[in-house]
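Shown next, in C-alpha cells, is the structure this report addresses.
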Amino acid sequence: MKVKICGITNREDAIWALNDGAHFIGVDFRKRSPRRVLPAEAKDWVPDLPTFASVVGIFDDEPSKLIATLAAEMNLKGVQLNGPQTPQRLRGLRQALAITECPPFIIKALAFPGPETLDDIPRWHDTIDYVLLCDPAETKPGHSPRPFDWALAAAAAAHGKPVFLGGGLTAENVREVAMKAQPFAVDVTSSIEKSTRHKSHAKMRAFIFNALLGR
C-alpha cells in the first residue's frame, strides 16, 4: 500500500514527507482551495524535488492545455481532477498530456457519500488510471475529517480501478482502515496539519508509519 500526502504548499513539507516515506505528494493548483499554490510559486521548488518524487497536481476544471503545460513545467507524475468533468473531457486531457515527455497518470476524485458513488466508477473506463474516494469538504478551512463506510471503500476496487482512499483518515485510524479496506493508497490532508498551509512533521511521520503497518 502507498501513501499520498496532499495539500503540500512548500518545499520543506515536501522534503519531510518524502524522507518519511510518502510515495506521492499532492500540490493543489485549484483557485478555490485554501492550500492553493500559484504556478509561479511552485516553479521555485516543485521541479527541484528529488527525481523519485511522484508529485500530483490537483485541479478542478482548468483547460486541458493549461494542465498539460503545468504538468510539463513541473515534471508532474500525476494529475488529480476534482471538478465536474465528463469522460469526454478527460479523453481530451489525456491527449493533451501526451505532449509531456512522460505523460502523467490521471486520478479522478469522487465524493463518497454511499454506494451510488461506486456505481459511477465504470463510466470513466479508459479516461482515468485511478479513483480517489474522498470527502470533498475536507479541503475547507477548519473542517474536521469525516469518515465513511470503509466496507464500501473495499468494494470499489472491484470496479476495475486502483483506489486512493481519503476522508476521515488520521494517524490513529489509518492502520485499521488500511487493513479493512485494502486500498491501493491512502490520502491525507487536514489531519496532519498544524495550520491550513503547513504540515505537522510529527503527525505526518506518525501517519505514514501507521499506514505502512497496515499494508
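The values are calculated or read from the model by the stated rules, or taken from the named source; none is laboratory data. Because the structure is a prediction, the values reported are computed rather than measured. All Cβ positions, glycine included, derive from the backbone under ideal geometry; neighbour counts span all protein chains shown.
Data table
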quantity	calculated
Within the range 12-32, considering residues that are without any contact (Cβ under 8 Å) to a residue 60 or more places away in the chain and in a helix (DSSP H, G or I), the one farthest from ASP187 (Cα to Cα)	GLU12
Looking only at the range 174-196, and only at residues there that are surrounded by fewer than 17 Cβ atoms within 10 Å (Cβ to Cβ) and basic (Lys, Arg), the one that is nearest to PHE164 (Cα to Cα)	LYS180
Contacts under 6 angstrom Cβ, first residue in the range 183-203 being more than 30 Å from ALA154 (Cβ to Cβ), partner hydrophobic (A, V, I, L, M, F, W, C) and at pLDDT 95 or above, 6 or more apart	HIS201/TRP16
Single unsatisfied condition, LYS2 versus (1) more than 23 Å from GLN182 (Cα to Cα); (2) surrounded by 16 or more Cβ atoms within 10 Å (Cβ to Cβ)	(1)
Residues satisfying the stated conditions in the range 166-197, i.e. assigned to a strand (DSSP E or B) and either modelled with pLDDT of 95 or more or under 16 Å from the mean Cα position of the chain (by Cα) (or both)	GLY166, ALA185, VAL186, ASP187, VAL188, GLU193
Among the residues listed as VAL37, VAL3, the single one being in a loop (DSSP other than H, G, I, E, B) and of a type in the set (Val, Ile, Thr)	VAL37
Residues being within 19 Å of TRP16 (Cα to Cα) and within 18 Å of the chain's Cα centre (by Cα) - total across the range 37-46	3
Check on ILE128, at pLDDT below 85 and β-branched (Val, Ile, Thr)	no
Qualifying position, being at negative phi, of a type outside the set (Asp, Glu) and in contact with a helix residue (DSSP H, G or I) (Cβ under 7 Å, 6 or more places away or on another chain), among ILE58, ILE99	ILE99
Of all residues making up the range 51-84, the number that are in a loop (DSSP other than H, G, I, E, B) and surrounded by fewer than 20 Cβ atoms within 10 Å (Cβ to Cβ)	11
